[in-house]
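A.B. asks: To start, I am sharing the structure in question, which I have written as C-alpha coordinates.
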Amino acid sequence: MDTGCVSLPQDVLSQFAIYGELAFVQPFGSGHINHTYRSQWNQAGTAVRYIHQRINEQVFLRPAEVMENIERVTGHIAEKLIREGVRDWSRRVLSVVPSRDGKPWVRDACGGWWRTYLFIEGTHSLDVAQSPGEARFLGKSVGRFQKQLADLGGSRLHETIPDFHHMEKRYVRFYEAVSQDPCRRVKDAEAEIAFMREQEERGALLIRALKGGALPERICHNDTKMNNILIDDLDKEVRCVVDLDTVMPGTSLFDVGDLIRTVSTRAKEDERDLALVVFDGGLFAGLIKGYLSEASELLLPAEKALIAESGRNITQIMALRFLTDYLEGDLYYKTARPGHNLDRCRNQIALIQSMDAQWQAILDMTSAIGDGNSRYLTDTGLTGSDNFLEDKE
Ligand code: ADP
Ligand code: GN1
Ligand code: MG
(Lines give C-alpha, C1' and ligand atoms only; values in the text may rest on other atoms or scores of the structure.)
(Ligands and ions follow the chains in the order given, each with its own letter.)
Protein backbone atom coordinates (compact mmCIF):
# COMPACT_ATOMS: atom_id res chain seq x y z
CA MET A 1 0.00 0.00 0.00
CA ASP A 2 1.19 3.45 -0.78
CA THR A 3 0.05 7.05 -0.45
CA GLY A 4 0.95 10.38 -2.06
CA CYS A 5 1.45 11.27 -5.72
CA VAL A 6 1.95 8.09 -7.68
CA SER A 7 2.19 9.66 -11.13
CA LEU A 8 5.26 11.75 -11.80
CA PRO A 9 4.37 15.45 -11.50
CA GLN A 10 5.84 17.87 -14.06
CA ASP A 11 7.01 20.25 -11.35
CA VAL A 12 9.02 17.42 -9.77
CA LEU A 13 10.77 16.70 -13.05
CA SER A 14 11.61 20.36 -13.56
CA GLN A 15 13.36 20.52 -10.18
CA PHE A 16 16.02 17.98 -11.16
CA ALA A 17 19.23 19.24 -12.76
CA ILE A 18 18.27 17.97 -16.20
CA TYR A 19 18.59 20.16 -19.27
CA GLY A 20 16.80 20.15 -22.62
CA GLU A 21 13.20 19.49 -23.58
CA LEU A 22 11.21 16.61 -22.19
CA ALA A 23 10.08 14.26 -24.99
CA PHE A 24 8.10 11.74 -22.91
CA VAL A 25 7.91 9.93 -19.61
CA GLN A 26 6.37 6.52 -18.93
CA PRO A 27 6.19 3.86 -16.17
CA PHE A 28 9.12 1.45 -16.25
CA GLY A 29 10.27 -1.92 -14.87
CA SER A 30 8.63 -4.62 -12.78
CA GLY A 31 9.87 -3.84 -9.25
CA HIS A 32 7.51 -4.58 -6.36
CA ILE A 33 8.33 -1.58 -4.19
CA ASN A 34 9.03 1.83 -5.72
CA HIS A 35 7.20 3.73 -8.47
CA THR A 36 9.61 3.83 -11.40
CA TYR A 37 9.44 5.96 -14.57
CA ARG A 38 11.72 6.53 -17.51
CA SER A 39 11.93 9.88 -19.25
CA GLN A 40 13.51 10.96 -22.51
CA TRP A 41 14.89 14.42 -23.18
CA ASN A 42 16.20 16.21 -26.20
CA GLN A 43 19.53 17.69 -25.19
CA ALA A 44 20.86 19.76 -28.11
CA GLY A 45 19.69 17.15 -30.61
CA THR A 46 20.73 14.12 -28.55
CA ALA A 47 18.15 11.89 -26.86
CA VAL A 48 19.08 11.31 -23.20
CA ARG A 49 17.13 9.14 -20.81
CA TYR A 50 16.69 9.09 -17.04
CA ILE A 51 15.10 6.89 -14.39
CA HIS A 52 12.86 8.58 -11.80
CA GLN A 53 11.55 6.84 -8.72
CA ARG A 54 9.24 7.76 -5.93
CA ILE A 55 10.64 6.10 -2.85
CA ASN A 56 8.02 3.96 -1.14
CA GLU A 57 7.74 5.60 2.26
CA GLN A 58 5.57 2.85 3.64
CA VAL A 59 8.62 0.63 3.27
CA PHE A 60 11.46 3.13 3.74
CA LEU A 61 10.50 5.28 6.68
CA ARG A 62 13.56 7.55 6.39
CA PRO A 63 14.15 8.31 2.70
CA ALA A 64 16.94 10.82 3.49
CA GLU A 65 18.94 7.98 5.10
CA VAL A 66 18.30 5.76 2.08
CA MET A 67 19.73 8.45 -0.18
CA GLU A 68 22.68 9.10 2.12
CA ASN A 69 23.59 5.40 1.93
CA ILE A 70 23.15 5.36 -1.84
CA GLU A 71 25.33 8.42 -2.40
CA ARG A 72 28.12 6.94 -0.25
CA VAL A 73 27.95 3.54 -1.90
CA THR A 74 27.73 4.76 -5.50
CA GLY A 75 30.43 7.39 -4.85
CA HIS A 76 32.76 4.73 -3.46
CA ILE A 77 32.24 2.34 -6.35
CA ALA A 78 32.54 5.09 -8.97
CA GLU A 79 35.81 6.31 -7.44
CA LYS A 80 37.19 2.79 -7.49
CA LEU A 81 36.20 2.18 -11.12
CA ILE A 82 37.73 5.49 -12.22
CA ARG A 83 40.94 4.71 -10.31
CA GLU A 84 41.09 1.33 -12.02
CA GLY A 85 40.79 3.07 -15.40
CA VAL A 86 37.43 1.49 -16.28
CA ARG A 87 36.35 3.68 -19.19
CA ASP A 88 32.63 2.89 -19.15
CA TRP A 89 32.39 3.31 -15.38
CA SER A 90 29.13 5.28 -15.62
CA ARG A 91 27.41 2.15 -16.97
CA ARG A 92 28.74 0.08 -14.07
CA VAL A 93 27.34 2.04 -11.17
CA LEU A 94 24.20 4.10 -10.64
CA SER A 95 24.68 7.89 -10.94
CA VAL A 96 22.38 10.04 -8.82
CA VAL A 97 21.18 13.17 -10.64
CA PRO A 98 20.77 15.94 -8.04
CA SER A 99 18.03 18.52 -7.75
CA ARG A 100 18.78 22.03 -8.97
CA ASP A 101 19.50 23.01 -5.38
CA GLY A 102 21.99 20.16 -4.97
CA LYS A 103 19.97 17.60 -3.03
CA PRO A 104 19.75 13.92 -4.01
CA TRP A 105 15.92 14.12 -3.99
CA VAL A 106 12.94 16.33 -4.79
CA ARG A 107 9.80 16.46 -2.62
CA ASP A 108 6.40 16.57 -4.35
CA ALA A 109 3.29 18.48 -3.29
CA CYS A 110 2.01 15.40 -1.40
CA GLY A 111 5.25 15.12 0.58
CA GLY A 112 6.56 12.22 -1.54
CA TRP A 113 10.30 11.75 -2.13
CA TRP A 114 11.57 11.45 -5.71
CA ARG A 115 15.04 10.68 -7.00
CA THR A 116 16.62 10.49 -10.45
CA TYR A 117 19.36 8.28 -11.89
CA LEU A 118 21.02 8.32 -15.28
CA PHE A 119 19.34 5.60 -17.32
CA ILE A 120 21.90 2.94 -18.11
CA GLU A 121 21.56 2.52 -21.86
CA GLY A 122 21.96 -0.69 -23.78
CA THR A 123 21.01 -2.95 -20.88
CA HIS A 124 18.04 -4.99 -19.76
CA SER A 125 17.08 -6.99 -16.70
CA LEU A 126 15.60 -10.47 -16.64
CA ASP A 127 13.08 -12.20 -14.40
CA VAL A 128 14.50 -15.65 -15.18
CA ALA A 129 17.95 -16.83 -16.22
CA GLN A 130 18.29 -18.52 -19.60
CA SER A 131 21.60 -20.36 -19.39
CA PRO A 132 24.39 -21.38 -16.99
CA GLY A 133 26.66 -18.86 -18.71
CA GLU A 134 24.24 -16.05 -17.91
CA ALA A 135 23.92 -17.34 -14.34
CA ARG A 136 27.71 -17.17 -14.06
CA PHE A 137 27.74 -13.48 -15.03
CA LEU A 138 25.02 -12.77 -12.49
CA GLY A 139 26.96 -14.54 -9.74
CA LYS A 140 30.12 -12.70 -10.68
CA SER A 141 28.43 -9.33 -10.49
CA VAL A 142 27.25 -9.85 -6.93
CA GLY A 143 30.64 -11.20 -5.82
CA ARG A 144 32.23 -8.10 -7.34
CA PHE A 145 29.69 -5.80 -5.71
CA GLN A 146 30.50 -7.26 -2.28
CA LYS A 147 34.23 -6.83 -2.94
CA GLN A 148 33.80 -3.25 -4.11
CA LEU A 149 32.11 -2.34 -0.84
CA ALA A 150 34.30 -4.35 1.52
CA ASP A 151 36.54 -1.33 2.16
CA LEU A 152 33.91 1.40 2.41
CA GLY A 153 35.17 3.70 5.15
CA GLY A 154 33.30 5.87 7.62
CA SER A 155 30.38 5.20 9.88
CA ARG A 156 28.14 2.13 9.64
CA LEU A 157 25.52 2.47 6.89
CA HIS A 158 21.97 3.24 8.02
CA GLU A 159 19.69 0.25 8.42
CA THR A 160 17.10 1.43 5.93
CA ILE A 161 14.74 -1.41 6.91
CA PRO A 162 15.69 -2.63 10.38
CA ASP A 163 15.74 -6.43 10.78
CA PHE A 164 15.02 -6.88 7.07
CA HIS A 165 16.29 -10.47 6.94
CA HIS A 166 15.65 -11.31 10.60
CA MET A 167 13.85 -14.63 10.24
CA GLU A 168 12.82 -14.88 13.90
CA LYS A 169 11.18 -11.44 13.85
CA ARG A 170 9.51 -12.23 10.54
CA TYR A 171 8.01 -15.31 12.24
CA VAL A 172 6.65 -13.20 15.11
CA ARG A 173 4.79 -11.03 12.62
CA PHE A 174 3.60 -14.08 10.68
CA TYR A 175 2.13 -15.67 13.83
CA GLU A 176 0.37 -12.40 14.64
CA ALA A 177 -1.17 -12.37 11.17
CA VAL A 178 -2.29 -15.99 11.60
CA SER A 179 -3.86 -15.38 15.00
CA GLN A 180 -5.53 -12.07 14.09
CA ASP A 181 -6.53 -13.22 10.61
CA PRO A 182 -7.71 -9.70 9.66
CA CYS A 183 -8.95 -10.67 6.17
CA ARG A 184 -10.31 -14.14 7.02
CA ARG A 185 -7.73 -15.72 4.71
CA VAL A 186 -6.19 -18.30 7.06
CA LYS A 187 -8.70 -20.89 5.86
CA ASP A 188 -7.31 -20.58 2.30
CA ALA A 189 -3.70 -21.06 3.31
CA GLU A 190 -3.70 -23.85 5.89
CA ALA A 191 -1.19 -26.10 4.09
CA GLU A 192 1.21 -23.18 3.56
CA ILE A 193 0.91 -22.05 7.17
CA ALA A 194 1.66 -25.60 8.35
CA PHE A 195 4.70 -25.78 6.06
CA MET A 196 6.09 -22.50 7.38
CA ARG A 197 5.62 -23.67 10.99
CA GLU A 198 7.60 -26.87 10.29
CA GLN A 199 10.46 -24.86 8.80
CA GLU A 200 10.80 -22.30 11.59
CA GLU A 201 13.75 -23.79 13.47
CA ARG A 202 15.93 -24.42 10.43
CA GLY A 203 15.11 -20.98 9.08
CA ALA A 204 16.66 -19.26 12.12
CA LEU A 205 20.10 -20.71 11.37
CA LEU A 206 21.48 -17.80 9.33
CA ILE A 207 20.31 -14.95 11.52
CA ARG A 208 21.50 -16.74 14.67
CA ALA A 209 24.92 -17.30 13.10
CA LEU A 210 25.12 -13.60 12.18
CA LYS A 211 23.89 -12.27 15.52
CA GLY A 212 26.02 -14.79 17.43
CA GLY A 213 29.18 -13.68 15.63
CA ALA A 214 29.83 -16.92 13.71
CA LEU A 215 29.35 -14.95 10.48
CA PRO A 216 31.01 -11.56 9.88
CA GLU A 217 28.88 -8.51 9.32
CA ARG A 218 29.47 -7.04 5.87
CA ILE A 219 27.91 -4.42 3.68
CA CYS A 220 25.54 -6.23 1.41
CA HIS A 221 22.84 -5.39 -1.10
CA ASN A 222 20.05 -7.40 0.56
CA ASP A 223 17.87 -7.52 -2.58
CA THR A 224 19.92 -9.28 -5.25
CA LYS A 225 17.01 -10.83 -7.10
CA MET A 226 17.99 -11.02 -10.71
CA ASN A 227 15.87 -8.18 -12.08
CA ASN A 228 17.94 -5.82 -9.97
CA ILE A 229 20.95 -6.62 -12.13
CA LEU A 230 21.40 -4.95 -15.53
CA ILE A 231 22.80 -7.07 -18.36
CA ASP A 232 24.43 -5.61 -21.48
CA ASP A 233 22.25 -6.08 -24.58
CA LEU A 234 25.25 -6.96 -26.76
CA ASP A 235 27.75 -9.09 -24.85
CA LYS A 236 25.21 -10.32 -22.24
CA GLU A 237 27.64 -9.55 -19.41
CA VAL A 238 26.43 -7.80 -16.30
CA ARG A 239 26.99 -4.06 -16.28
CA CYS A 240 25.40 -2.79 -13.11
CA VAL A 241 23.71 -3.83 -9.87
CA VAL A 242 20.75 -1.50 -9.19
CA ASP A 243 17.99 -1.07 -6.57
CA LEU A 244 20.34 0.06 -3.83
CA ASP A 245 17.71 1.04 -1.23
CA THR A 246 18.57 -1.88 1.01
CA VAL A 247 22.35 -1.71 0.83
CA MET A 248 23.21 -1.94 4.51
CA PRO A 249 24.96 -4.21 7.02
CA GLY A 250 24.12 -7.92 6.82
CA THR A 251 25.86 -11.13 5.78
CA SER A 252 27.24 -11.93 2.34
CA LEU A 253 24.91 -14.94 2.48
CA PHE A 254 21.79 -12.79 2.18
CA ASP A 255 23.00 -11.77 -1.29
CA VAL A 256 24.20 -15.09 -2.63
CA GLY A 257 21.04 -16.59 -1.10
CA ASP A 258 18.70 -14.27 -3.00
CA LEU A 259 20.61 -14.94 -6.20
CA ILE A 260 20.22 -18.69 -5.70
CA ARG A 261 16.50 -18.18 -5.05
CA THR A 262 15.89 -16.24 -8.25
CA VAL A 263 18.52 -17.57 -10.66
CA SER A 264 18.44 -21.32 -9.95
CA THR A 265 15.06 -21.98 -11.49
CA ARG A 266 13.61 -21.25 -14.89
CA ALA A 267 10.24 -20.38 -13.35
CA LYS A 268 9.19 -16.84 -12.52
CA GLU A 269 8.63 -15.99 -8.86
CA ASP A 270 4.85 -15.95 -9.36
CA GLU A 271 4.56 -18.94 -11.75
CA ARG A 272 1.35 -20.77 -10.86
CA ASP A 273 2.18 -24.04 -12.58
CA LEU A 274 4.22 -25.50 -9.74
CA ALA A 275 5.43 -28.39 -11.91
CA LEU A 276 7.66 -25.78 -13.56
CA VAL A 277 9.16 -24.59 -10.28
CA VAL A 278 12.20 -26.83 -10.35
CA PHE A 279 15.63 -26.17 -8.91
CA ASP A 280 18.05 -26.31 -11.85
CA GLY A 281 21.51 -27.60 -11.00
CA GLY A 282 23.05 -26.21 -14.19
CA LEU A 283 21.96 -22.65 -13.46
CA PHE A 284 22.94 -23.07 -9.80
CA ALA A 285 26.41 -24.35 -10.63
CA GLY A 286 27.02 -21.53 -13.12
CA LEU A 287 25.92 -18.99 -10.55
CA ILE A 288 28.08 -20.32 -7.72
CA LYS A 289 31.08 -20.59 -10.00
CA GLY A 290 30.70 -16.97 -11.04
CA TYR A 291 30.07 -15.76 -7.51
CA LEU A 292 33.09 -17.54 -6.04
CA SER A 293 35.35 -16.42 -8.87
CA GLU A 294 35.01 -12.91 -7.41
CA ALA A 295 34.08 -13.40 -3.76
CA SER A 296 36.20 -16.40 -2.80
CA GLU A 297 39.16 -14.34 -1.56
CA LEU A 298 36.83 -12.25 0.62
CA LEU A 299 34.77 -15.00 2.23
CA LEU A 300 35.57 -16.81 5.46
CA PRO A 301 35.15 -20.60 5.70
CA ALA A 302 32.01 -20.12 7.81
CA GLU A 303 30.41 -18.13 4.98
CA LYS A 304 31.45 -20.60 2.28
CA ALA A 305 30.06 -23.48 4.32
CA LEU A 306 26.57 -21.96 4.34
CA ILE A 307 26.23 -20.97 0.68
CA ALA A 308 23.79 -23.74 -0.24
CA GLU A 309 21.83 -23.18 2.97
CA SER A 310 21.57 -19.46 2.19
CA GLY A 311 19.59 -20.15 -1.00
CA ARG A 312 17.12 -22.25 0.92
CA ASN A 313 17.00 -19.71 3.73
CA ILE A 314 16.23 -16.67 1.57
CA THR A 315 13.62 -18.68 -0.33
CA GLN A 316 12.04 -19.50 3.03
CA ILE A 317 12.00 -15.89 4.23
CA MET A 318 10.37 -14.84 0.95
CA ALA A 319 7.73 -17.59 1.25
CA LEU A 320 7.07 -16.33 4.78
CA ARG A 321 6.91 -12.66 3.75
CA PHE A 322 4.57 -13.32 0.80
CA LEU A 323 2.32 -15.43 3.01
CA THR A 324 2.28 -12.84 5.80
CA ASP A 325 1.41 -10.13 3.29
CA TYR A 326 -1.38 -12.28 1.89
CA LEU A 327 -2.82 -12.81 5.38
CA GLU A 328 -2.48 -9.11 6.25
CA GLY A 329 -4.38 -8.09 3.11
CA ASP A 330 -1.65 -7.40 0.51
CA LEU A 331 -0.34 -4.29 2.19
CA TYR A 332 3.32 -4.51 1.16
CA TYR A 333 3.95 -5.99 -2.27
CA LYS A 334 2.38 -4.69 -5.44
CA THR A 335 -0.12 -7.30 -6.62
CA ALA A 336 -1.72 -7.72 -10.04
CA ARG A 337 -4.48 -10.21 -9.21
CA PRO A 338 -6.37 -11.62 -6.23
CA GLY A 339 -4.29 -14.26 -4.44
CA HIS A 340 -1.07 -13.04 -6.07
CA ASN A 341 0.89 -13.16 -2.82
CA LEU A 342 -0.42 -16.63 -2.01
CA ASP A 343 0.68 -17.79 -5.47
CA ARG A 344 4.12 -16.36 -4.82
CA CYS A 345 4.29 -18.12 -1.46
CA ARG A 346 3.28 -21.46 -3.02
CA ASN A 347 5.90 -20.97 -5.70
CA GLN A 348 8.64 -20.37 -3.12
CA ILE A 349 7.56 -23.42 -1.11
CA ALA A 350 7.71 -25.53 -4.29
CA LEU A 351 11.23 -24.27 -4.86
CA ILE A 352 12.27 -25.26 -1.32
CA GLN A 353 10.77 -28.71 -1.87
CA SER A 354 12.65 -29.07 -5.14
CA MET A 355 15.88 -28.10 -3.37
CA ASP A 356 15.18 -30.59 -0.60
CA ALA A 357 14.66 -33.39 -3.10
CA GLN A 358 18.23 -32.81 -4.36
CA TRP A 359 19.80 -31.52 -1.18
CA GLN A 360 22.83 -33.80 -0.88
CA ALA A 361 23.68 -33.24 -4.55
CA ILE A 362 23.43 -29.46 -4.03
CA LEU A 363 25.85 -29.65 -1.10
CA ASP A 364 28.28 -31.85 -3.06
CA MET A 365 28.17 -29.53 -6.06
CA THR A 366 28.74 -26.44 -3.90
CA SER A 367 31.79 -27.89 -2.20
CA ALA A 368 33.19 -29.25 -5.47
CA ILE A 369 32.95 -25.75 -6.98
CA GLY A 370 34.48 -24.22 -3.83
CA ASP A 371 37.39 -26.65 -4.04
CA GLY A 372 37.78 -26.07 -7.80
CA ASN A 373 36.88 -29.70 -8.56
CA SER A 374 33.53 -29.34 -10.29
CA ARG A 375 34.90 -30.25 -13.72
CA TYR A 376 35.57 -33.75 -12.43
CA LEU A 377 31.89 -34.29 -11.69
CA THR A 378 30.30 -36.27 -14.47
CA ASP A 379 26.96 -37.20 -12.97
CA THR A 380 25.88 -34.68 -10.36
CA GLY A 381 22.41 -36.00 -9.63
CA LEU A 382 21.03 -32.47 -10.08
CA THR A 383 18.20 -31.55 -12.44
CA GLY A 384 19.58 -29.66 -15.44
CA SER A 385 23.20 -29.93 -14.35
CA ASP A 386 24.35 -31.57 -17.58
CA ASN A 387 24.01 -28.16 -19.16
CA PHE A 388 26.58 -26.86 -16.76
CA LEU A 389 29.02 -29.70 -17.31
CA GLU A 390 28.92 -28.94 -21.02
CA ASP A 391 29.22 -25.20 -20.43
CA LYS A 392 32.96 -24.67 -20.89
CA GLU A 393 34.70 -21.51 -19.69
P1 ADP B 1 11.96 -1.50 -7.14
O2 ADP B 1 12.56 -1.12 -5.82
O3 ADP B 1 10.54 -1.15 -7.25
O4 ADP B 1 12.24 -2.93 -7.45
P5 ADP B 1 14.15 -0.82 -8.95
O6 ADP B 1 15.12 0.20 -8.43
O7 ADP B 1 14.58 -2.22 -8.90
O8 ADP B 1 12.73 -0.61 -8.25
O9 ADP B 1 13.81 -0.42 -10.45
C10 ADP B 1 12.88 -1.16 -11.23
C11 ADP B 1 13.56 -1.69 -12.49
O12 ADP B 1 14.02 -0.60 -13.30
C13 ADP B 1 14.80 -2.54 -12.22
O14 ADP B 1 14.45 -3.89 -12.06
C15 ADP B 1 15.66 -2.30 -13.46
O16 ADP B 1 15.29 -3.23 -14.47
C17 ADP B 1 15.24 -0.91 -13.94
N18 ADP B 1 16.22 0.15 -13.58
C19 ADP B 1 16.36 0.75 -12.37
N20 ADP B 1 17.31 1.70 -12.40
C21 ADP B 1 17.79 1.72 -13.67
C22 ADP B 1 18.79 2.51 -14.36
N23 ADP B 1 19.46 3.50 -13.74
N24 ADP B 1 19.03 2.25 -15.67
C25 ADP B 1 18.34 1.29 -16.32
N26 ADP B 1 17.38 0.52 -15.74
C27 ADP B 1 17.11 0.73 -14.42
C1 GN1 C 1 11.12 -6.70 -3.39
O2 GN1 C 1 12.06 -4.04 -4.82
P3 GN1 C 1 12.14 -5.38 -5.48
O4 GN1 C 1 10.94 -5.71 -6.29
O5 GN1 C 1 13.42 -5.48 -6.23
C6 GN1 C 1 11.61 -6.77 -1.94
C7 GN1 C 1 12.60 -7.92 -1.78
C8 GN1 C 1 11.98 -9.22 -2.22
C9 GN1 C 1 11.44 -9.08 -3.65
C10 GN1 C 1 10.66 -10.29 -4.06
C11 GN1 C 1 12.59 -3.62 -0.15
O12 GN1 C 1 12.21 -6.42 -4.25
O13 GN1 C 1 12.98 -8.04 -0.42
O14 GN1 C 1 12.92 -10.26 -2.18
O15 GN1 C 1 10.56 -7.94 -3.75
N16 GN1 C 1 12.24 -5.52 -1.58
C17 GN1 C 1 11.92 -4.92 -0.43
O18 GN1 C 1 10.42 -10.22 -5.42
O19 GN1 C 1 11.14 -5.40 0.39
MG1 MG D 1 13.95 -3.90 -7.82
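The values are calculated or read from the model by the stated rules, or taken from the named source; none is laboratory data. Worth saying up front: this structure is predicted, and the values here are computed from it rather than measured. A quick note on method: Cβ atoms are made from the backbone with ideal geometry, for glycine too, and the neighbour counts reach across all protein chains shown. Surface accessibility is based on the protein's heavy atoms, side chains included, excluding ligands, DNA and RNA. Shrake-Rupley method; radii C 1.70, N 1.55, O 1.52, S 1.80 Å.
A.B. asks: Which entries of LYS187/LYS334; LYS236/LYS268; LYS103/LYS268; LYS169/LYS289; LYS103/LYS236; LYS211/LYS334 show an alpha-carbon separation above 28 angstrom in the structure shown?
C.D. replies: Working: LYS187/LYS334 23 Å; LYS236/LYS268 20 Å; LYS103/LYS268 37 Å; LYS169/LYS289 32 Å; LYS103/LYS236 34 Å; LYS211/LYS334 31 Å.
With Cα atoms farther than 28 Å apart: LYS103/LYS268; LYS169/LYS289; LYS103/LYS236; LYS211/LYS334.
A.B. asks: Provide the per residue accessible area, probe 1.4 Å, for the chain, rounded to a whole number of square angstrom.
C.D. replies: On the way: 16860 Å² over 393 residues.
Result: 43 Å² per residue.
A.B. asks: Take the Cβ-Cβ distance between ASP233 and LEU22 as r, set R0 to 22 Å, and report the resulting FRET efficiency rounded to the nearest 0.05. Before the final figure, lay out each step's value.
C.D. replies: Working: r = 25 Å, r/R0 = 1.13.
Result of the calculation: an efficiency of 0.35.
A.B. asks: Mind checking which of GLU57, GLU303, GLU190 has the largest fluctuation in a GNM of the chain, springs on alpha carbons under 10 Å?
C.D. replies: GLU190
A.B. asks: I've got another one for you. Output ³J(HN,Hα) for the range 159-165: one whole-Hz value per residue in order, computed from phi by the Karplus curve 6.51 cos²θ - 1.76 cosθ + 1.60 with θ = phi - 60°, and x for Gly and Pro.
C.D. replies: With coefficients 6.51, -1.76 and 1.60, one gets 8, 5, 10, x, 6, 4, 10 Hz.
A.B. asks: Could you please state how large a percent of the accessible area of the chain is carbon and sulfur, counting protein chains only and using a 1.4 Å probe?
C.D. replies: Details: 8610 of 16860 Å².
About 51 percent, which is the carbon plus sulfur part of the accessible surface.
A.B. asks: Within the range 198-294, report the chymotrypsin sites (Phe, Trp or Tyr not before Pro) that DSSP leaves as loop and that have at most 16 other Cβ atoms within 10 Å. Numbers along the way, then the final one.
C.D. replies: Details: sites: PHE254, PHE279, PHE284, TYR291; in loops: none.
Loop-located and lightly packed - none at all.
A.B. asks: Still on this structure: Would the range 10-119 count as rounded, prolate or oblate if I go by the C-alpha gyration tensor, calling it rounded below 1.5 in a/c and otherwise prolate when a/b exceeds b/c, oblate otherwise?
C.D. replies: On the way: a/c = 1.68, a/b = 1.11, b/c = 1.51.
Oblate shape, in that a/c is at least 1.5 and b/c is the bigger or equal ratio.
A.B. asks: List every residue whose amide H lies under 5 Å from the amide H of CYS240, counting only residues 5 or more places away in sequence or on a different chain, with H placed 1.01 Å from N in the peptide plane.
C.D. replies: Amide H neighbours of CYS240, under 5 Å, 5+ apart: LEU230.
A.B. asks: Please list 3J(HN,Hα) in residue order for the range 257-270, calculated via the Karplus relation 6.51 cos²θ - 1.76 cosθ + 1.60 where θ = phi - 60°; whole Hz, with x for glycine and proline.
C.D. replies: x, 6, 5, 4, 4, 9, 9, 8, 8, 8, 9, 5, 4, 10
A.B. asks: Give me, ordered by chain and number, the residues 5 or more places off HIS35 or on other chains with an amide H under 5 Å from its own placed amide H.
C.D. replies: ARG54, ASN56
A.B. asks: Per residue of the range 126-142, in order, report the coupling 6.51 cos²θ - 1.76 cosθ + 1.60 (Karplus, θ = phi - 60°) as ³J(HN,Hα) in whole Hz, putting x for Gly and Pro.
C.D. replies: So the J values, rounded to whole Hz, are 10, 8, 9, 7, 9, 8, x, x, 5, 4, 5, 4, 5, x, 4, 5, 6.
A.B. asks: Also: Using alpha carbons only, what's the Rg to Rh ratio of the range 305-365 with Rh from Kirkwood? Mind dumping the intermediate values first?
C.D. replies: On the way: Rg = 13.5 Å, Rh = 12.4 Å.
Rounded to two decimals, Rg over Rh is 1.09.
A.B. asks: May I ask for the equivalent-ellipsoid semi-axes of the chain, computed as the square root of five times each C-alpha gyration tensor eigenvalue and listed largest first in whole Å?
C.D. replies: On the way: eigenvalues 218, 143, 78 Å².
After diagonalising the Cα gyration tensor, the semi-axes are 33, 27, 20 Å.
A.B. asks: I need the Debye-formula profile for the range 180-281: one equal scatterer per C-alpha, no solvent, reported as log10 I(q)/I(0) at q = 0.14, 0.15, 0.24, 0.25 1/Å, two decimals.
C.D. replies: Per q value, in the given order, log10 I(q)/I(0) is -0.82, -0.92, -1.24, -1.25.
A.B. asks: I would also like to ask the following. Enumerate by residue number the trypsin sites (Lys or Arg not before Pro) in the range 38-103 meeting two conditions: DSSP loop (anything except H, G, I, E, B), and at most 13 other Cβ atoms within 10 Å of the site's Cβ. Each step should come with its number before you reach the end.
C.D. replies: Details: sites: ARG38, ARG49, ARG54, ARG72, LYS80, ARG83, ARG87, ARG91, ARG92, ARG100; in loops: ARG87, ARG92, ARG100.
Counting only loop positions with at most 13 other Cβ atoms within 10 Å, the trypsin sites (Lys or Arg not before Pro) in the range 38-103 are ARG87, ARG100.
A.B. asks: Report the trypsin sites (Lys or Arg not before Pro) located in the range 181-252 that are in a DSSP loop and have at most 10 other Cβ atoms inside 10 Å of their Cβ, or state none.
C.D. replies: Values: sites: ARG184, ARG185, LYS187, ARG197, ARG202, ARG208, LYS211, ARG218, LYS225, LYS236, ARG239; in loops: ARG184, ARG185, LYS225, LYS236.
Those satisfying the criteria are ARG184.
A.B. asks: Name the residues of the range 9-29 whose amide N is less than 15 Å from a point 7 angstrom out from the Cα of ARG100 along the C-beta direction?
C.D. replies: Answer for the range 9-29: 10-22.
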